[in-house]
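Working notes, beginning with the structure itself.
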Amino acid sequence: MSKSKKNRSKVFLLLLAVVLLIGACFGSVGLYVKFELGKPKFELPETAQSVSALPETQGEVYNYISGLCEKVYGADNIEESVKTEVGGLDGDLKTPFSNSDNAVFKYIINNASGTFSGLYREYDGVKVSDAENPPQLLWSESLLTDWSASWGAYNDAGEFVDDDRYFIHLSFDPAENEYNADVLSEITKLLSPDLIIENAEVETKELQVDFEIDRFTDHILHVNITRRYEVGLSVNFSEKYAALFSNNESSALITLPYKTNEIISFNYYGAYFTKPCIAVKKGDVETLPASVTVKNDASKEDYELIFEVSDPQVIEIDEDGVMSVLKNSDSSVNVTMTLVYEGHTYTDDLTVYITELEVETDG
């Protein structure tokens, strides 16, 4: 056999070996995948989802929100936190004065605007039943001009997130004099050292309300109330600016647009399981999917948390909610959690399945 034929034979045998090796690899992978996919899995039973279905009409939306707001302000087991942000404070000056005089007006208004946020209520962790003049959350349905309701949201990457939330947006036609008169009075006080306020009025141009709701509990979590105002002022310089004041007899007409963003958060005392059921194996030790909420400064002496199981020979739970699975069981085990706090008793149930199978997951 010639040398060239020998070389061709070697190349052929080498290629054949590579092909057989690749085939064996793919075959192994195929068998592994087939084996894994063929393994029996434990599927948790389907459970009820939202407490309330997502409302689909204007009337349903308004009635749904109205009912939730009524529950919030009729409860004594909810804490409320309120914060107001102020922005968009740029004076649109319409005056008979020179540009330099207008610059002085701008300076005065901008200095005053830095303290506007302090004119609005702000508090943290106040029980709703103890709050003085709690913020309004809802306006008359006759003033409702637009709305939207969605389940979950999409982030910037196009991923569906917050699927445990309802997001409801309401736009209202601001009612006549829908503003805080005390705030207007304070605004004039802020400007008075530098300006003589001859007349002041305010008009609410826009009123938008956004609700974030836990759809598993029907709890309002956050409310964002955005108002856009327009303040009209008829002013002149005070004696502080005597040089300017002496040269001008006419008043300046100032339009001052600004907006407020009132952020309201609710914290609900209580205890509930974040999942209706779970699956575990013998020997597992894990923390129960429980949410327990009391005041931040509450100690263990202020409340009582109790866990009860329908079969303590299968599952054992310590005082911190850590579960130990002692043995297998053909039947599911029910876990009841009870919180006793500030005169209220909160109870919720969890179904626990003990299985040797791999648990089916969404992932």
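Miscellaneous remarks
- Our estimate of slack between Asp173 and Glu198, defined as 0.36 nm per intervening residue step minus the Cα-Cα distance, is 6.1 nm.
- Summarising the label geometry, the points placed 7 Å from Cα in the beta-carbon direction at Asn328 and Ser142 lie 6.9 nm from one another.
- Solvent-accessible area, 1.4 Å probe, carbon plus sulfur percent, for the range 107-236: 42 percent
- Neighbours of Ser150, meaning other residues whose beta-carbon lies under 12 angstrom from its beta-carbon, give a summed charge of -3 when Lys and Arg score +1 and Asp and Glu score -1.
- Database remark: amide H of Phe42 closer than 5 angstrom to the amide H of Glu358, Val359, Glu360 (H placed geometrically; neighbours at sequence offset of 5 or more, or on other chains; Pro and chain starts carry no H).
- Inter-label distance, Glu85 to Asp311: 5.3 nm, where each label sits 7 Å from its Cα along the C-beta direction.
- Cα-Cα over 19 Å, subset of Lys189/Lys240; Lys127/Lys259; Lys83/Lys106; Lys281/Lys327: Lys127/Lys259; Lys83/Lys106
- Cβ-derived FRET efficiency at R0 45 Å, Glu46 paired with Glu230, nearest 0.05: 0.30
- Å² per residue, accessible surface of the range 240-342 at 1.4 Å: 55 Å²
- The DSSP beta bridges internal to the range 253-363 are antiparallel in roughly 85% of cases.
- The range 129-204, accessible area per residue, ligands and nucleic acids excluded (1.4 Å, Å²): 60 Å²
- Each label point was placed 7 Å from the Cα along the Cα-to-Cβ direction; for Lys282 and Tyr154 their separation is 4.9 nm.
- Between Asp218 and Lys205, full extension at 0.36 nm per residue minus the direct alpha carbon distance yields a gain of 1.6 nm.
The values are calculated or read from the model by the stated rules, or taken from the named source; none is laboratory data. Remember, predicted model here, so these are calculated numbers, not experimental data. Positions of Cβ are generated from backbone atoms using ideal geometry, with glycine treated the same way; all protein chains shown enter the neighbour counts. With ligands, DNA and RNA removed, areas are computed over all heavy atoms of the protein, side chains included. Shrake-Rupley method; radii C 1.70, N 1.55, O 1.52, S 1.80 Å.
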